[in-house]
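Notes follow once the structure below has been shown.
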């Protein structure tokens, strides 16, 4: 059974290679091949899952050693896989949602002449993401980490003819680089500290500190490693302060936004922190940093989500905020890991569903993304409305739906951070976030599907660079909203089922927590206030959020052009000034730094280098004059040389 | 060999004189022909080559000579391989031909290298497609008639008649024969004779350029004068060592140096064991060998001769001579003078440092590609000396490896030089190489590979070789030497890379040279060079192991 693990990666990798190298003759069948291989990987995942269920909790982890990658003395890098319950969860999510989105893309990308390449990239992403989650050491994880970064870059910039898409791809790549730096430093630190980077060894060695075994690792080192891992997680999962790329990444095709920038890749940071739980458990300071990052981001993303009129960017803000919840939960330690992953999975369902719904709406609206130009679409796109609506109810935490089960637990765990003020602060932030979530999601819902039609003729795509190119529409026409084809609606329906039932299923008898417990450990949270009170409070803020949104966008008509808005609204529209901040602090600062470095380089370094070169050149010029072409002077130099040689030999004996 | 016979007459018979037989008996020399077969094959072919010059019609001489040379070299190489397979390089190495020659690992390894390098060089000698046809005759790089005065009527007549100097083949074979003996010579007189046997043909070959004949002749005369000068020193050193030890045999001298021999030859009682003789003699012999490898301060002939000689000869000289001379130097230092290590090591340190630095520094300002490669070869001699100084088994094997790697790069590089031509023959001025990469990307790329190998960039044989000698030197306690070596390598990298930059990143000149399309002969030479460079660079381990196995001298 272990031998199947490599097949998980091999199938999509094969697809990527064939589709990207196969050339145009695969144009006709390429998308089918890509989808089949994704489905194949999913089937393998399910087989492995069923096999795993048949065994006891502690024996469920499977290992497969493929080959020694870099065997150099004490530096042993293996290509080896480890499939435990945590990895299994991700494998099913990635291949399951991935397969659905492959199917969806067949319809969505139907008119794109580069569809084969698109599926090649998607397969590449699947392969890299699977490597990331089933690697058994940090170095191989890093390979997957970089692989998904590459796939993300390629897919964000898939419509490279649009300058905005090309820029967004570059931005995502660059910002991710900062995080990747953190991961590579963390791996180096691990190697110097533990002499290895295999999960088992590193985490066992870390555990030794708490159990008092030999050679404990100092907390300082663990904190350093933890902070570097957090930096990596911030980059990949778009957490403050490396959050700026996610909004722009919505320039990519919508299926990409759903798969990579909502359901899977952006949650890699949560995986990393959960996987490295033992390190964080030994470094409370790093844990606190994780919680703070999560709390800040969940508010940040939620506020941004409130102000965006672009449906995908509103959802992107929401993604950021929801991942903030997960990071916060992961930072809480054993009381939070399981809930972080649980929210991650349920979020994977409903957020992918929401994005696919948004894609479906755009598909019907001539690729219009401005929600102010939607309105009243529920009659025209009933399936989309229903699935989107279920996703909406799930994300705001409507009782009984997926989001309710997972988010509520995180809020409880946040209140349980400690008995003092911090528990109140983090719990309060999580609670507040739930209210804002209810507000902005209701806003999206109302602006899109309710109210009167505010449809506008499609602007000329040349004038509006942010619009996705019309797949089947023509410039200057009124949109004719229609339901999307089956290949798009079926994945949405499947995901809607997940949005509704997954959370309840997971919470039934605490099945999900028990499933993960052998890997992540679990302790019951003890919040500062009672659990029913928290649930009640959550319901209250939920209702308040929905009500405010209804008053603002349901009761009153929505203006087609956005009003000027308050200072906060204007800031939120500009992503809370993140780019301005980056520009002033990093870009300007970087420019100054480069300029001064260039100055030093030109004067000092070049001076030394050129000076050395010049002096050697001068020496060379003088020495070559010795070579005057006369045999007699050569003979003299030989004679002199011999004399020196003889004298030196004699001298050596003398001294 | 007769010298050894005489010597054994003096020493052994001296003992025998006390025995019953009153009349001294001269033993007939005992020669193990099969063990010195490689040398015999080559020398025999060379003599046959002279007869061919005398008796075979002019028209077919070229083909017969080429055929004979190739067959002889291949056969000799096969003989070397057979000897090595027989364990003559490792388990059953020994002294043969009455003490005149040693058949051991280093000797066989170097002989194999010389034979292969010689074979490749013979291909470049035989190239006849590069020079434009003269009066309907295909011609090579060598003068139509060596004896004709440059620019004279007789020269013109010779060119018109389509004469070619096919004597180059037997000359090269003689030189190779001498080189085969040189690293395996086991007494000083054999050493000297081998030196002369390979030097004299080289002097002649240097004088035989078809174009720029005056320059070629000047180079030959300089080489001859300075070579004779250094030979005199070498011979004087041999005399002094004989005076010191009463024998010219390597092992015999080493025994005296170690103090294990006490019986004094009565005729030399006044001088034997006199350390001044030993030191001065050793220094003079070293000087003779250092001249051949082109080490500072005995390097001055190198640029002039490399530039003036016909380019195929330059490549041959630069590769094979260096291999042979370093072989002899290794044997001298490791077999004859290990007891004197503390005396010669510091001196050799100085020589190595001066050689590395001067070669690298002066090369910076060279404007002629052949002179540039000449200075580069000086710098490389310094690098190899660093390995020699290690005085460890690793030192021997690293030097062997370096020599093997270096010789093929060198022949290949000079072969590329023969391809780049303008109206005046080879366009050796560097300015003419500007933009070559745009006009002939393949040739420029190949040359770039060779330059990178010279510079010691990883994945080329140059890196593996340099790494091996520096590692050996560092482990042999010559860390400072390695530092100087690395600095020199950095300096040297400048001018190698500069040529690459010149070829690929400058605008080609309108009146630039053309790249001639060679026959398969030169292509083979260049191809072998590239192949060896890359194979030894990517997977050097097998050859390092081979050199390691071969790295034990017999005494």
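The values are calculated or read from the model by the stated rules, or taken from the named source; none is laboratory data. These figures come from a predicted structure and were not determined experimentally. Every residue, glycine among them, receives a Cβ derived from its backbone with ideal geometry; neighbour counts consider all protein chains shown.
I'd like to check something: does the range A:616-627 contain any residue that is without any contact (Cβ under 8 Å) to a residue 24 or more places away in the chain, over 60 Å from the mean Cα position of the chain (by Cα), within 9 Å of chain B (Cβ to nearest Cβ) and part of a helix (DSSP H, G or I)?
Kept after step one, since they are without any contact (Cβ under 8 Å) to a residue 24 or more places away in the chain, are these residues of the range A:616-627: A:616-627.
Next, from what is left, pick out any that are over 60 Å from the mean Cα position of the chain (by Cα): A:622-627.
Filter once more, so that each one left must be within 9 Å of chain B (Cβ to nearest Cβ): A:623-624, A:626-627.
Those still in the list that are part of a helix (DSSP H, G or I) too: A:623-624.
Yes, that holds for at least one residue.
Identify the single condition in (1) away from chain A (no Cβ under 14 Å); (2) under 17 Å from residue B:430 (Cβ atoms); (3) in a helix (DSSP H, G or I) that residue B:486 does not satisfy, given that it satisfies every other one. Here residue B:486 meets the rest and fails (2). Scanning the range B:353-364 for residues that are within 13 Å of chain A (Cβ to nearest Cβ) and in a loop (DSSP other than H, G, I, E, B) turns up at least one hit.
Condition first: in a loop (DSSP other than H, G, I, E, B) and more than 21 Å from residue B:201 (Cα to Cα). Can you find one or more residues in the range B:109-117 that meet it? No, there is no match, as no residue in the range B:109-117 is in a loop (DSSP other than H, G, I, E, B) and more than 21 Å from residue B:201 (Cα to Cα). For the residues B:410, B:391, B:418, the requirement of being surrounded by fewer than 24 Cβ atoms within 10 Å (Cβ to Cβ), away from chain A (no Cβ under 14 Å) and in contact with a helix residue (DSSP H, G or I) (Cβ under 8 Å, 6 or more places away or on another chain) singles out B:391.
When you scan the range B:502-512, do you find a residue that is buried (at least 19 other Cβ atoms within 10 Å of the Cβ), part of a loop (DSSP other than H, G, I, E, B) and over 27 Å from the mean Cα position of the chain (by Cα), even just one? Checked the range B:502-512: at least one residue is buried (at least 19 other Cβ atoms within 10 Å of the Cβ), part of a loop (DSSP other than H, G, I, E, B) and over 27 Å from the mean Cα position of the chain (by Cα). Looking only at residues in the range B:291-307 that are in a helix (DSSP H, G or I) and facing chain A (nearest Cβ under 8 Å), the one that is nearest to residue B:376 (Cα to Cα) is B:303.
Taking the conditions exactly as written (surrounded by 20 or more Cβ atoms within 10 Å (Cβ to Cβ), out of contact with any strand residue (DSSP E or B) (no Cβ under 6 Å at 6 or more places or on another chain), farther than 23 Å from residue A:355 by Cβ and modelled with pLDDT under 90), does residue A:240 satisfy them or not?
Against the criterion (surrounded by 20 or more Cβ atoms within 10 Å (Cβ to Cβ), out of contact with any strand residue (DSSP E or B) (no Cβ under 6 Å at 6 or more places or on another chain), farther than 23 Å from residue A:355 by Cβ and modelled with pLDDT under 90), residue A:240 does not qualify.
Does residue B:256 fit the bill of being more than 14 Å from the chain's Cα centre (by Cα), away from chain A (no Cβ under 14 Å), on the phi < 0 side of the Ramachandran plot and modelled with pLDDT of 90 or more? In short, no. For residue A:634, the conditions (1) within 14 Å of chain B (Cβ to nearest Cβ); (2) touching a residue at least 60 places away in the same chain (Cβ under 8 Å) are fulfilled apart from (2).
Conditions tested, residue by residue: (1) surrounded by 14 or more Cβ atoms within 10 Å (Cβ to Cβ); (2) in contact with a helix residue (DSSP H, G or I) (Cβ under 6 Å, 6 or more places away or on another chain); (3) on the phi < 0 side of the Ramachandran plot.
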site: A:506; (1), (2), (3): yes, yes, yes
site: A:509; (1), (2), (3): no, no, no
site: A:514; (1), (2), (3): no, no, yes
site: A:521; (1), (2), (3): yes, yes, no
site: A:529; (1), (2), (3): yes, no, yes
site: A:559; (1), (2), (3): no, no, yes
site: A:565; (1), (2), (3): no, no, no
site: A:571; (1), (2), (3): yes, yes, yes
site: A:574; (1), (2), (3): no, no, yes
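When the test is whether a residue is closer than 30 Å to residue B:513 by Cα, at the interface with another protein chain (Cβ under 10 Å from one of its Cβ atoms) and more than 15 Å from the chain's Cα centre (by Cα), residue B:371 passes it. Residue B:269 falls short on exactly one of the conditions (1) more than 9 Å from chain A (Cβ to nearest Cβ); (2) in contact (Cβ under 8 Å) with a residue 12 or more places away in the chain, and that condition is (2). Looking only at residues in the range B:513-555 that are surrounded by fewer than 15 Cβ atoms within 10 Å (Cβ to Cβ) and without any contact (Cβ under 8 Å) to a residue 12 or more places away in the chain, the one that is nearest to residue B:116 (Cα to Cα) is B:531.
Residue A:653 meets the conditions (1) modelled with pLDDT of 85 or more; (2) within 9 Å of chain B (Cβ to nearest Cβ); (3) part of a helix (DSSP H, G or I) in every case but one. The failed one is (1). Picking from residues in the range B:200-225 that are surrounded by fewer than 22 Cβ atoms within 10 Å (Cβ to Cβ) and within 21 Å of residue A:637 (Cβ to Cβ), the one that is nearest to the other protein chains (Cβ to nearest Cβ) is B:225. Being more than 20 Å from residue B:202 (Cα to Cα) and not in a loop (DSSP other than H, G, I, E, B), is that true of even one residue in the range B:140-154? Yes: the range B:140-154 contains one or more residues that are more than 20 Å from residue B:202 (Cα to Cα) and not in a loop (DSSP other than H, G, I, E, B).
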